[in-house]
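Engineer: Have a look at this one.
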4 protein chains.
Amino acid sequence: MTTFLKFSANINTFNACADRYVLSGYGERLSVDQMIDAATQVEGLTGVEVVGLWHVNDENVNQVNRRIHDAGLEVTCVTPDIWAQAKWGKGSFASNDPAIRRAAIQEVKKSMEWAKQMNCEVVDLWFGQDGYDYPFQADFIAGWQRIIEGTIECDEHLPEIKIVIEYKPKEPRTHCFIGTVGNTLLLLQQVNKPNVGAMIDVGHALMAYEDAAESAALLQHFGNKLFYMHFNDNWRLWDDDMTVGSVHTVELLELVYWLDRINYNGWYALDIFPYRENGVRAATESIKWIQAAHNLLDKIGRDRIANVLQTGDALEASAMIREAIS
Amino acid sequence: MTTFLKFSANINTFNACADRYVLSGYGERLSVDQMIDAATQVEGLTGVEVVGLWHVNDENVNQVNRRIHDAGLEVTCVTPDIWAQAKWGKGSFASNDPAIRRAAIQEVKKSMEWAKQMNCEVVDLWFGQDGYDYPFQADFIAGWQRIIEGTIECDEHLPEIKIVIEYKPKEPRTHCFIGTVGNTLLLLQQVNKPNVGAMIDVGHALMAYEDAAESAALLQHFGNKLFYMHFNDNWRLWDDDMTVGSVHTVELLELVYWLDRINYNGWYALDIFPYRENGVRAATESIKWIQAAHNLLDKIGRDRIANVLQTGDALEASAMIREAIS
Amino acid sequence: MTTFLKFSANINTFNACADRYVLSGYGERLSVDQMIDAATQVEGLTGVEVVGLWHVNDENVNQVNRRIHDAGLEVTCVTPDIWAQAKWGKGSFASNDPAIRRAAIQEVKKSMEWAKQMNCEVVDLWFGQDGYDYPFQADFIAGWQRIIEGTIECDEHLPEIKIVIEYKPKEPRTHCFIGTVGNTLLLLQQVNKPNVGAMIDVGHALMAYEDAAESAALLQHFGNKLFYMHFNDNWRLWDDDMTVGSVHTVELLELVYWLDRINYNGWYALDIFPYRENGVRAATESIKWIQAAHNLLDKIGRDRIANVLQTGDALEASAMIREAIS
Amino acid sequence: MTTFLKFSANINTFNACADRYVLSGYGERLSVDQMIDAATQVEGLTGVEVVGLWHVNDENVNQVNRRIHDAGLEVTCVTPDIWAQAKWGKGSFASNDPAIRRAAIQEVKKSMEWAKQMNCEVVDLWFGQDGYDYPFQADFIAGWQRIIEGTIECDEHLPEIKIVIEYKPKEPRTHCFIGTVGNTLLLLQQVNKPNVGAMIDVGHALMAYEDAAESAALLQHFGNKLFYMHFNDNWRLWDDDMTVGSVHTVELLELVYWLDRINYNGWYALDIFPYRENGVRAATESIKWIQAAHNLLDKIGRDRIANVLQTGDALEASAMIREAIS
């Protein structure tokens, strides 16, 4: 088996990570150039993601693009910032305020344009602020309709750019509208555009009590809609954004197996928050885990796995994992 | 406001409840006739649900129907047993064994026929055994395809009977395929039949970290697919099947409000397991809670609520609840 | 019933709240003076908490104290900052680095001195950074021993100041050593000092699947160790720090009932993060909810409640709540 | 490294498992003799647990003992049934009914006697029914006091028998009094008897968001109180009682490492519910996983692990696991 996996990471991986207590971050603040330099130190990494406004804007897009390509990397995703400023606090596409909705859509269009200028295929729509915190706070239907309409408008702006919906059940809102793989498929069906698909962030799937492998299979089977993958790990109840493989070994194996089986050929991107760790080491270790998972699957044999799935024999499934890692 | 709510309960509510430790049940075992008698003692209850094979079969269907109607009740739902026998342990519609799939579909068709004979509109499809327990145990795509095909076949058997999909994220399997409102909408879209819709079991929604009010709104907005409601309560992490209103007061209010707002006019059915409580008292108390919720909404005023939803003001939302209950 | 409840709030309640996405905060940044002014606008609020270094230090302690008292408030708690700077990222009292441990203990002693200078009885020890994120990262025993020793040292520095241990199962670490009421009682027993006790943060208890009322009863029954209370609410899985009463109505009632029953006579302090709400309104609404809960208990009658607890009749318990709020 | 691990399993492992839906069980019902025979087919198994009344009673204790020893096994634990009959539904030791409390204590004393007659050191006290389901249902303090007193009385009946407290946060009650490792340590301290200690059921610890390795370390460090271990696995939110190693690989490694480090030399007992699996195969696979974990630890080297724990380097921790299983 010689599947070639393409690895990417948001360049912010290498910057100081902050949480709501240590707002200035646990590590060192880097410039964009320093982050790109850091990315080059990660063995196996050939792509990077950038965030609109944080890393690219109308002024610097060509320069940043050049820097990235000079560093031997390509841009795999541009993520518009529609969730990290106070003005998005009560929603972006789903805001009750039409001016905010307009600004958010505009922000996404900008990122689509920057993506195009950087030869990047993918823009990531994460509706983290679109939802609600309290009971009796949201008109669910109005919220959903606005998200559908805004997404269509963005797609039509530059239909050649792939928009990937990144679902997450909560945080920063206690409830996000686009929270599960099923809700994502509903949104995709309503939007109904060939280049609007989904990404799975593994940690978000875990938080939703999903098996990421199953979610990937559903997205592919019902419309070939798995366009992108974000890898990380957590303790299943919160988006801890830990390094890949650190907690859920078997589920990582199952996911990587299914990505091959459903012919996923997109990027294996990292979305980790190495709060107290070095970003280069954290990304390197994460990639090694994905590669190790791949190698273990080869060792087990894809045919053996397919046979086990066909029988549904849980103990044979357990034994094959055990034997492979022993 | 004079909305008339129709209350129903599974007649099993009045029978001894068992769990995996006390297999013989905590209470007294009753005959079907005794359960029907018990149902008549619940103030406000005008409907009952029955389970196929447990309570009705080819032999007794007319007699049971007569008993129920003589008791002044109507049958609101027939639930085929495709989850309470050892043979369904590895799946019903999604089983790897074609003979089991066939048997399960046959069981559902039978229940549809019994429903028709009893002038009951609704048959409840709960795929509790269709899923998996262990990693690397399931072929997700095969499972989903089989559920889709089986559901279509059932609908075509008697298209005048409403089939309601009852989703639940887990139990008895650790992972059920049809686990969330989003997955349910995906299934409904694939099945694509006017009389195949959904029910929300409030406790199942809570387990899935859904706001049941939001799930109800989605099902109605995207196709008028909310056909039925099961009420109960739990501690949000497991299907504790507690009496209505016992834990989540505010969310009950929000749900009842939205059911009116989206013009839900189906049954308010109870699905509780009063393990250590008297079934008649438990059902009575549950109905009183739903009525109390309704009255509180009237007291607040539906217009005030609509205004709060439009502004998204969490503190005004909180205050209006507080004032109503003070 | 004329229990007089004393309400307090951290003055930071009135400042902009930030999360890991919106690091600059959702609202307006205020000076300490402005926060104190804001506190005076909250009806019923007579106390405030301050954070060491953030609000008080050696230079300004007298001045801040005067400002607070001039505003008609008293200082109810000083919380040393041993969790909001990058240097505490891998632990404070439990750090592997003796210099960090020393610095953390020193920070606590400082806050104890400031508390004394401000006539404040209580210092809050929250070991948010003392734990671990990853498997195989922590020597649990070393960590616990260091926390025990550091706490003893602090107590002996100024034994007249009450130290309250604030437990929390996770965040900012994925696992905190002092995470549950049981672990807290273990720590208190090991420390074994009359003025070292506990506080319950209601949201932390909810996250730990505790019933806060039960936790309060345990702390009081086993040594009169409930010294302080932090009120807020959440969705049971994360420390959402929502306004009091917004989600868990019945559990709030049960908690307030038990606080009286066990003769808790400390402060009813708010620990909320009104990210997208106005702090003065959020605090006001929270206090009104606690008062409303109190009034509902009076309406039900403490004797009736005591009787229900003695019988353990869940349906009578449910009915008494329902009747009170109807 | 040549640690010799002693494996045990409840003989019920080999009997049909039931849940609240399939009350008659998914598999085949066996006689006690057949269960003992099944146990002999599990490679590496040298001990068995029995349940009082289910498997042993005054009449058959000698005969069952002989059968077990003739089969080459020893009895490692007797578990009194104070949770599987309707009469225990509202509590055993903590029941409001003094007659029930008396009966429960009597039941435990019986099991202690049977244990003694079978040369078994350990009796397992699991207070599964002692807690509450609903808010305002329990007098927490009365409940705890009764558990303390009952446990003391049992210990004094036969002080030479080790009583192990098996904590679990919920099920069958929605809240159990003795739910966490911290609460267990509190109980042990109140009981204060040398032969009253604890067991950790790994799945119960996972449900409580505990790291079982940490819980084991705490029990040993604070009084050498870890007397027994129950192994299984689950999805972290419910007591799924799955085979060992099926989900949480890394945490299993960490636990097994710490059991050695703290000199645990008790039994490695299985407490699994192989609902849809063959019991002999499920037990065999579980033992192989524990052995595989042990071998992996040897491969990594205990010194390397100790060093990593001392530095707290999460990425080195991750790398050492990855390298071992690759």
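The values are calculated or read from the model by the stated rules, or taken from the named source; none is laboratory data. Here the structure is a predicted model, which means the values were calculated and not measured. Backbone-built Cβ (ideal geometry, glycine too); neighbour counts: all protein chains shown. These accessible areas exclude ligands, DNA and RNA; they are computed on the full protein's heavy atoms, side chains included. Shrake-Rupley method; radii C 1.70, N 1.55, O 1.52, S 1.80 Å.
Engineer: Place the label 7 angstrom along Cα→C-beta at C:LEU5 and in each other copy, then list the distances from the first to the rest in nm, shortest first.
Structural biologist: In nanometres, ordered from closest: 2.8, 5.2, 5.3.
Engineer: Calculate the length of the line joining the C-alpha centroid of the range B:36-99 to that of the range C:277-306, in whole Å.
Structural biologist: Centre-to-centre (Cα) distance: 44 Å.
Engineer: For the range D:1-71, compute Rh as the Kirkwood radius over C-alpha pairs and then the Stokes-Einstein diffusion coefficient at 20 °C and 1.002 mPa s; write the answer in µm²/s, rounded to an integer.
Structural biologist: The diffusion coefficient I find is 161 µm²/s.
Engineer: Could you pull the copy-to-copy label distances for A:ILE152, with points set 7 Å along Cα to Cβ, in nm to one decimal and sorted shortest first?
Structural biologist: Label point to label point, same position, other copies: 2.7, 7.0, 7.3 nm.
Engineer: Send over a whole-number figure in Å² for the accessible area per residue of the range C:1-156, probe 1.4 Å.
Structural biologist: Value for the range C:1-156: 36 Å² per residue.
Engineer: Using the Karplus equation 6.51 cos²θ - 1.76 cosθ + 1.60 (θ = phi - 60°), what ³J(HN,Hα) coupling, rounded to whole Hz, does each residue of the range D:125-142 give in order, writing x for Gly and Pro?
Structural biologist: Listing the rounded values in order: 9, 10, 8, x, 9, 9, x, 7, 10, 10, x, 6, 9, 10, 8, 4, 5, 4 Hz.
Engineer: A further question follows. To check you understand DSSP bridge types, tell me what percent of the beta bridges within chain B (both residues inside) are antiparallel, rounded to 5.
Structural biologist: Expressed as a percentage, antiparallel bridges in chain B total about 10.
Engineer: Give, ordered by residue number, each residue of the range C:219-239 whose 1.4 Å probe accessible area is reduced by a minimum of 30 Å² on adding the remaining protein chains to the chain alone.
Structural biologist: For the range C:219-239, once contacts with the other chains are taken into account, C:HIS221, C:PHE222, C:TRP235, C:ARG236, C:LEU237, C:TRP238 lose 30 Å² or more.
Engineer: When chain A is turned about an axis onto chain B, which of its residues keeps its C-beta closest to that axis, and how many Å is it?
Structural biologist: A:GLY182, 1
Engineer: Could you derive backbone 3J(HN,Hα) for the range A:278-288 from the dihedral phi with the Karplus parameters 6.51, -1.76 and 1.60 (θ = phi - 60°), listing whole Hz in sequence and x where the residue is Gly or Pro?
Structural biologist: My calculation for the range A:278-288 gives 6, x, 5, 5, 5, 5, 4, 4, 5, 5, 4 Hz in order.
Engineer: Can you list residues from other chains, or at least 5 along the same chain, whose modelled amide H is less than 5 Å from the amide H of D:GLY52?
Structural biologist: Residues meeting the criterion, in which the H sits 1.01 Å from N, are D:THR79, D:ASP81.
Engineer: Enter the Cα centre distance for the pair the range D:150-213 and the range D:214-274, rounded to the nearest angstrom.
Structural biologist: That distance is 14 Å.
Engineer: In addition: Relative contact order, percent, of the range D:1-124 when contacts are C-alpha pairs under 8 Å separated by at least 6 residues?
Structural biologist: Relative contact order of the range D:1-124: 23 percent.
Engineer: To check my understanding: the extent here is largest minus smallest coordinate of the Cα atoms along each principal axis. What are those three numbers for the protein assembly as shown, in Å, largest first?
Structural biologist: 78, 69, 67
Engineer: Report, by chain and number, residues whose modeled amide H sits under 5 Å from the one on D:GLN85, excluding near sequence neighbours (fewer than 5 apart, same chain).
Structural biologist: Sorted by chain and number, the residues that satisfy this come to none at all.
Engineer: Give the long-range amide H neighbours of A:VAL75: residues separated by 5 or more places, or on another chain, with amide H under 5 Å away, using H modelled in the peptide plane at 1.01 Å from N.
Structural biologist: A:VAL48
Engineer: Now a separate question. List the accessible area buried at the contact between B and C, summed over both sides and calculated with a 1.4 Å probe, in Å² to the nearest 100.
Structural biologist: 2800 Å²
Engineer: Calculate the dipole size of the range B:23-110 relative to its Cα centre from +1 charges on Lys and Arg beta carbons and -1 charges on Asp and Glu beta carbons; express the result in debye to the nearest 20.
Structural biologist: Magnitude of the dipole: close to 540 debye.
Engineer: Which distance in nm do the two modelled labels at D:GLN106 and D:GLU43 give, with both placed 7 Å along the Cα-to-Cβ direction?
Structural biologist: 4.8 nm
Engineer: With an 8 Å Cα cut-off and a minimum separation of 6 or more residues, compute the relative contact order for the range B:143-198 in percent.
Structural biologist: Once normalised by length, the contact order is 42 percent.
Engineer: Once you place label points 7 Å from the Cα toward the Cβ at B:ARG66 and A:ARG302, how far apart are they in nm?
Structural biologist: Inter-label distance under the simple model: 6.4 nm.
Engineer: Using Stokes-Einstein with the Kirkwood hydrodynamic radius over Cα pairs, what translational diffusion coefficient do you get for the range A:138-253 at 25 °C and a viscosity of 0.890 mPa s, in µm²/s rounded to a whole number?
Structural biologist: Using the Kirkwood radius from Cα pairs, D works out to 168 µm²/s.
Engineer: Normalised by the number of residues in chain A, what is the relative contact order in percent for Cα pairs under 8 Å and 6+ residues apart?
Structural biologist: For chain A, the relative contact order is 16 percent.
Engineer: Given a 1.4 Å probe, how much area per residue of the range B:249-314 is accessible, in Å²?
Structural biologist: 32 Å²
Engineer: How far apart are the C:GLN34 label points across copies, placing each 7 Å from Cα toward Cβ, in nm, shortest first?
Structural biologist: Reported distances to equivalent positions: 3.0, 7.1, 7.7 nm.
Engineer: Per DSSP H run of at least 4 residues, take -39500 (n - 2.57); add these up for chain B, divide by its residues and hand me the 222 nm value, nearest 500 deg cm²/dmol.
Structural biologist: That comes out to -13500 deg cm²/dmol.
Engineer: Show A:LEU296, B:LEU30 ordered by accessible area, largest first, where the area counts protein heavy atoms only and the probe is 1.4 Å.
Structural biologist: Ranked from most to least accessible, the order is B:LEU30, A:LEU296.
Engineer: Suppose the chain between A:ALA142 and A:GLN117 were pulled fully straight at 0.36 nm per residue; how much longer would it get relative to their current alpha carbon spacing?
Structural biologist: Separation in residues times 0.36 nm, less the Cα-Cα distance, equals 5.6 nm.
Engineer: Kindly rank D:127-138, C:150-161, D:257-268 from highest to lowest mean number of other beta carbons found within 10 Å of each residue.
Structural biologist: D:127-138, D:257-268, C:150-161
Engineer: Report for the protein assembly as shown the percent antiparallel among DSSP-assigned beta bridges with both residues inside it, nearest 5.
Structural biologist: Percent antiparallel among DSSP bridges in the protein assembly as shown is about 10.
Engineer: Can you list the HN-Hα couplings for the range C:176-191, worked out from phi with the Karplus curve (6.51, -1.76, 1.60; θ = phi - 60°), rounded to whole Hz and with x for Gly and Pro?
Structural biologist: Ordered by residue, 3J(HN,Hα) equals 9, 4, 9, x, 9, 5, x, 5, 5, 5, 4, 4, 4, 5, 5, 6 Hz.
Engineer: Follow-up question, since we're still on this one. Put B:ARG67, B:ARG276, A:ARG102 in order of accessible area, largest first, 1.4 Å probe: what do you get?
Structural biologist: Highest to lowest solvent-accessible surface, that is A:ARG102, B:ARG67, B:ARG276.
Engineer: With a 1.4 Å probe and all protein chains left in place, how much of the accessible area of the protein assembly as shown comes from carbon and sulfur atoms, in whole percent?
Structural biologist: So the carbon and sulfur contribution to the accessible surface is 45 percent.
Engineer: Points 7 angstrom from Cα along the Cβ direction at C:GLU156 and D:LYS87: gap in nanometres?
Structural biologist: Roughly 5.5 nm, to one decimal.
Engineer: So, one more: Would the range A:253-319 count as rounded, prolate or oblate if I go by the C-alpha gyration tensor, calling it rounded below 1.5 in a/c and otherwise prolate when a/b exceeds b/c, oblate otherwise?
Structural biologist: In terms of gyration-tensor shape, prolate.
Engineer: Continuing with the same structure: Leaving out ligands, DNA and RNA but keeping every protein chain, what accessible area does D:MET207 have, in Å² rounded to the nearest 10, with a 1.4 Å probe?
Structural biologist: 30 Å²
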